[in-house]
Each structure stands twice: as C-alpha cells, then as structure tokens.
Amino acid sequence: MAYVLTPEAPVFDWLSELDAWLARSPAFFAGRPVILDLAALELSSSGIAHLVASLGERNIRILGLEGVDPSLVGPELPPMLAGGRAATMPQQNANANAAAAPATAAPEAQAPAAEPEAAKSAAKTSLLLEQPVRSGQSVVFTEGDVTVLGSVGSGAEIVAGGSIHVYGTLRGRAMAGATGNPRARIFCNRIEAELLAIDGYYRTADEIDAKLRSQPTQAWLDGNAMMITPLN
Amino acid sequence: MAKVLVVTSGKGGVGKTTSTAALGAALAHTGQRVVVVDFDVGLRNLDLVMGAERRVVFDLINVVTGVAKLPQALIRDKRLETLWLLPASQTRDKDALTEEGVGEVISALREQFDWVICDSPAGIERGAILAMRYADAAVIVTNPEVSSVRDSDRIIGMLDSRTLKAEKGEHIDKHLLITRYNAARAARGEMLSVDDVLEILSTPLLGIIPESQEVLRASNVGTPVTLSSADSPPARAYIEAAQRLRGETVAMTVPRDKKGLLDRIFGRRAA
C-alpha cells in the first residue's frame, strides 16, 4: 500500500514533527512506498530533491510526486502521479478499511516489462497477461483492466487503474481502481490473496472470510466497505 | 548441439549442488560429454560433492579473468571419463564474475561438451543471475515447502525475464525437480503434495527425488548419488530425470510410503 505524505511550510518544522512521529513508530514506513504531495509547498527543483533526500535519510522511500509543476520534475526525481487522494499523516489505530491512500506500486526491475509494453500499444484500455505472474513481479497498468490467464503468485502484485481479472489462483496482491476508481472490481477463479485493494480501501488475508478460501470470488466497494463474495 | 542447463532454486539448502552432481553423473554415464560448473563463487561445494576437492588448481574466476586457460581449470572425474568439473573460487566473491567473461567461458564449453550444467548459488543476486544468464534450459529445484515454492516462483519469473534467451524473446525450457520429498509426511499433510507444487508453479515436472540417507551419504563421501548407489530410490529418480532431460519419455514414479507393521497399525491414528 502507498501512503501520501503532505508536507507543510515551513518544511523544517514539518520534518521535526515527522521525526517525533517516527520516534514513536520507527518501522511504520519500512519497505512501504510513499507518495509525496507537494501542493501545499512552493519548492524549486533542487528544493524537491533535497526534501526527497531528507526523507530518504529517514528510510522513507518516495515512489511518486503529486501536486507539483511537472516541469520541475527532472529525471533524477520520482515520477509524477495523478489521481491520488489526499490523506493526512497516517494514524496508528487507523481503520483497516480506510487507512491508506490509493494504492500504487512501482514497477520492479524484474517485472515482465516487455509484455505490458507490447500490450499497451495494441489496446490502451486493457492488459492481457498470458503467463502466470510470478513472485516478486509487479505489474502496474493504470490505464485500465488487467486480465491474467494464469495465477498470480504469492509475493507478486497487480496494480490496475480498472478491474483485475485472474482466471487462475490469486495468491499475491491485487490493487484495482488504483487511480481513483471506486467502481473497479477484482475477480478471481480461486482466492488465496495476500491483499485486495480497491480505490485505496484494502483487506489483508486475515480479514478475508476463511469460508471463501479457494472459491471463485469477486471483491467490490459498497460505499466505504469492501465486499468479498462468491462468484457463483 | 551443446545444451547449457542451469540448476537453480532461489532458496538455499534445497539440493542444487547435489542435483547438479547427480544429474551430471547420470548424463555422463550414458556417454554424454558433461561439464558441471560451480557458480557459487566464495562458497564452493560442488568440488566436494564430486570428490575433486584435492585436485583443484585453477578455477572459474581464473579463467574469467584470463589468469588460466580453460583446459587448465577443467578437472576430469576419476570414475567417468566423460564427466568434467569447472570449480568455483573459494577465496573470491561473486563480484569477480563479469557477464562478458562468463559468456566467453560458456561459449568455449559449448564447443567441447554436450551438456554444460551450471550450479547456481542461492539468492536472486548477481551470482544467480550470471549462472542463468546464458542457459538454454533450467532445472528448478524445489522442496515441497511453502517457502521453497515461493522462492522458486520468483526464480522462474527471473528465468523468464533476465536470461539472454528471454531477452531475445525466445523460450527457456523450465523443468521442475522436487527434492527431499517425504511420502509419509506428504500423506499426513505436513508437506505440500506434488499436485500442490505443480499447481502453484505451473511448470513441467522433471522428477521427484525422495528424501533419503543415501543422498547425504553420497555427498559426504564425494560421489554423486547416481554413481555411489545407483539402485537406491533417489539415484533411480535422478537417472530417470536425466533421461527426461534427454527427451526420453519415462513414466513418473511418485515415491510411496513403505509402511512397516507399526505404521500400518498406528499410521491412521497418527494422522
């Protein structure tokens, strides 16, 4: 899951506030992707780079930027993202269904980059994966639906702007509606998922009804609640 | 046509080196010219399992860096004259390998052998990537445990994206070798079943090697199990796997639980 950090001016005070918060929950951001929303600040390109580096020193990995003039974002900075929803400083006792900002994930080096590229040029609104998605692979397709003919392995993740369809077993993570689409759904032939997310609302494996395990299942949003029900 | 085969797994301790030695010896036994190459630079073991540790002079790193010529580093097996070993260096680390250097060594080996079997180090870093880089086919060694299976899934993904063949858009043959399979534990549900592993990894099965003391004993005396006790169940399973690698059709034997009298009485209740 990705969190959105929204620094406020003066940045120095905001950073010390963050430090105080990190002192209480040092591992909160460990290994988690974070989006930096700079709408409340007016920073130069080097100012942004400095802020990203300062967060890096705190082991906060910035995955993307929001609320900033794209001309300021050079190749050395994280990429621009759009469509994220504002979220305040994460709360420790946050409700499991509404804790996180929209999920977005960075494509990993090992992701089957060639496949999505090829598919994208053919049809921009959907991505069809004929091979299984293996552990450690991250498929990010913000333009629309992702269909996987095989299985999604444990430790793999699919991030789609639209819905996600898995005709095999979904063992990894599926994040649908990642660009802010509450009508996106997740369908799978067999659910063993580690995490399901739609438009930022998520459920972990522990919160998925054990009776549904291994069943054909769909997940959708009913208001703020994620519903997970059998397909048949 | 030489075939370059990488034996890989992601996870350590699942039996890559043992399987490399056993498959290499089984193939060489049929008269094929085989070289087994240890890519585990810094933590070499294949020389021990092959019983050649006292004859190592030059190694893979020496050849890659041009210190020694390939024929100087190759060690011929004492039992099978078509079986050779290219050992790893114990004093260096994986950073000493370069992609170009490995590529040159592999193409030189292709000239001389029918099979080049690369024993990959554990992990998904540089050493493992270089071991699979030039492979035509891969043997993925998996124990029927969830951790091992997930790591194998990860390695299969890398075989499909990081090998030269995959980058050229070609298909790399993948074979799944399930090792340390314990029929009794699988029957009690303490291990993943063969069907579970195949369903998760969706990769063709090369063989199922039963867990056995013979395998441990063979490693300790420095003889591949297919030579030290060729009639034992694990050796037979490796020999059949080697036949399948050569394209022969051999019926798959799933190791069965041999129940003793006590097991027959208490077996069901113990479950």
Counting Lys and Arg as +1 and Asp and Glu as -1 over every other residue whose Cβ sits under 11 Å from the Cβ of A:Ala176, the net charge comes to +1
Tally the DSSP beta bridges in the stretch A:125-230 and give the antiparallel ones as a percent, rounded to 5.
35 percent
For peptide B:156-163, compute the average count of partner chain beta-carbon atoms within 10 Å of each residue's beta-carbon.
6
Whole-Å distance linking the alpha carbon centroid of the stretch B:193-242 with that of the stretch A:146-173 is 33 Å
Can you give me the Kirkwood hydrodynamic radius for the stretch B:133-269, using every pair of distinct Cα atoms, in Å to one decimal?
16.4 Å
For the peptides B:129-142, B:193-206, what is the packing order when you average, over each peptide's residues, the other Cβ atoms within 10 Å and list the highest mean first?
B:129-142, B:193-206
Around B:Asn45 (Cβ within 12 Å, Cβ-to-Cβ, excluding B:Asn45; K/R +1, D/E -1) the net charge comes to -3
Just to check I understand the Karplus step: with θ = phi - 60° and J = 6.51 cos²θ - 1.76 cosθ + 1.60, what whole-Hz values come out for the stretch A:61-78, glycine and proline as x?
8, 8, 8, x, 10, 9, x, 9, 4, x, 5, 7, 8, x, x, 7, 9, x
What is the mean projected area of the alpha carbon convex hull for chain B, to one decimal in square nanometres?
14.1 nm²
Could you tell me the calculated FRET efficiency between B:Asp95 and A:Arg58, based on Cβ-Cβ distance and R0 = 25 angstrom, to the nearest 0.05?
0.25
Per its Cα gyration tensor (rounded if a/c is under 1.5, else prolate when a/b beats b/c, else oblate), the stretch A:125-230 is best filed as oblate
Please give me the summed charge of the neighbours of B:Lys94: other residues whose Cβ is under 14 Å from its Cβ, Lys and Arg +1, Asp and Glu -1.
-4
Kirkwood estimate for the protein assembly as shown, i.e. one over the average of 1/r between Cα atoms, Å
25.2 Å
Under unit Cβ charges (Lys, Arg +1; Asp, Glu -1), what dipole magnitude, rounded to 20 debye, does the stretch A:125-230 have relative to its Cα centre?
200 debye
For the stretch B:1-150, size of Cβ-based charge dipole, Lys and Arg +1, Asp and Glu -1, in debye:
260 debye
Under 8 Å for C-alpha pairs, at least 6 residues apart: give me the relative contact order for chain B, rounded to a whole percent.
24 percent
Total Lys pairs in the protein assembly as shown closer than 24 Å by alpha-carbon, pairs eight or more apart in sequence or interchain only?
20
Here the gain from full extension of B:Val67 to B:Thr249, 0.36 nm per residue of separation minus their alpha-carbon distance, amounts to 61.2 nm
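Just so you know, all these numbers are worked out from the coordinates, no wet-lab data involved. All values derive from a computational prediction rather than experimental measurement. Cβ coordinates were reconstructed from backbone atoms using ideal geometry, including for glycine residues, and neighbour counts include every protein chain displayed.
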